[in-house]
Amino acid sequence: MLAELNELLGAAPERPDAGKFTLLRDTQTDGSFLVHHFLSFYLRGGSAAALPELAARFALWPCSSPSATTTSWRRSCCVCCFLCFSSLEGVNLAAAKEQGQLVFLEGLQSCLDLLFGEEEQPGQPNPLQFLSGSSPDLRALFDFVRVSLSAAGSWKGPVLLVDDLSVLLSLGAAPVAVLDFIHYCRVCVCCQLKGNIVVLVHSNEDSEDEENELVVNSLCHHSDLILWAEGLATGFCKDVHGQIKIIKRLSLRRAAEQDVVQIYQYKIQDRNVSFFARGLSAAVL
């Protein structure tokens with residue numbers, strides 16, 4: 001969990017906001033460290049989390065903090081709904097999983113079961129059912145999220161973390177199906193369960209992937225908070241790894257208000273990320 005980022009956002013795990021949709025967006029850089037931060041943030045606060053993960057099996061995630069190595073922190077996870085069960089700093093994800101605080105869908109195994117004919121258990125359709133072509137929507141994936149978080153028990157308001165929605169598009173889901181999935185998740189998690197949703201999307205304004213950019217722009221219009229990580233226009237720098245734009249969408253709830261935009265630069269360190277105003281890096285000063 002990044003204490004400096006919490007200060008910039010005015011957030012604390014002991015009193016998280018409820019009913020918020022946070023969009024994590026990255027361009028020409030990897031914003032995965034933001035997902036690790038929010039996962040640790042909500043678990044420390046006692047929230048239940050639902051994390052379907054498509055890229056790697058649980059056993060392949062490192063057992064130390066994702067900040068233990070800069071490479072692992074900055075690598076692209078290429079997942080749909082990101083629920084990593086390694087150990088974050090101060091949070092044991094394996095224990096959280098055993099205690100029912102974390103609900104994990106091993107997406108890679110689900111894909112293999114679906115594509116290679118493993119029989120489904122009665123009453124438990126594969127969450128990635130859309131891959132079979134039998135249904136064009138993501139209802140089965142939504143049902144997994146709804147059932148998992150509705151059964152959170154004594155844990156605080158639930159949180160759904162979603163990483164790289166473009167994977168769903170690559171697997172054949174239509175943009176409208178992806179946006180419908182997010183819409184129904186917002187109704188269920190944010191409105192009915194008084195929880196929160198955090199979504200990471202990778203984007204490039206110059207990209208020819210029109211479907212992905214359509215999804216990204218649509219999510220921007222419906223977000224309460226946007227954290228946009230961008231690579232430096234000047235290229236690689238060992239002392240400044242990127243720029244983050246914090247957009248607080250006040251106009252989303254109060255039409256008379258203007259959105260608040262703050263811009264900082266950051267440097268990923270071994271076990272932390274430091275944030276500073278543009279041009280005020282310690283290496284520059």
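Each value in this text was obtained by applying a stated rule to the coordinates, not by laboratory testing. Note that the coordinates shown come from a computational prediction; the quantities given were computed from them, not determined experimentally. When we count neighbours, we look across all protein chains shown, and the Cβ atoms used for this are built from the backbone with ideal geometry, even at glycine.
Can you give the charge dipole size of segment 192-285 about its Cα centre, rounded to the nearest 20 debye, using +1 on the beta carbon of Lys and Arg and -1 on the beta carbon of Asp and Glu? Don't jump to the answer; show the numbers that get you there.
Numbers: 10 positive and 13 negative charges, 159 e Å.
Here the size comes out at about 760 debye.
With a 10 Å radius around each residue's Cβ, average the other Cβ atoms per peptide and rank 7-18, 146-157, highest first. Intermediate results must be reported in sequence, preceding the final value.
Details: 7-18: 13.2, 146-157: 17.0.
Order by mean packing, descending: 146-157, 7-18.
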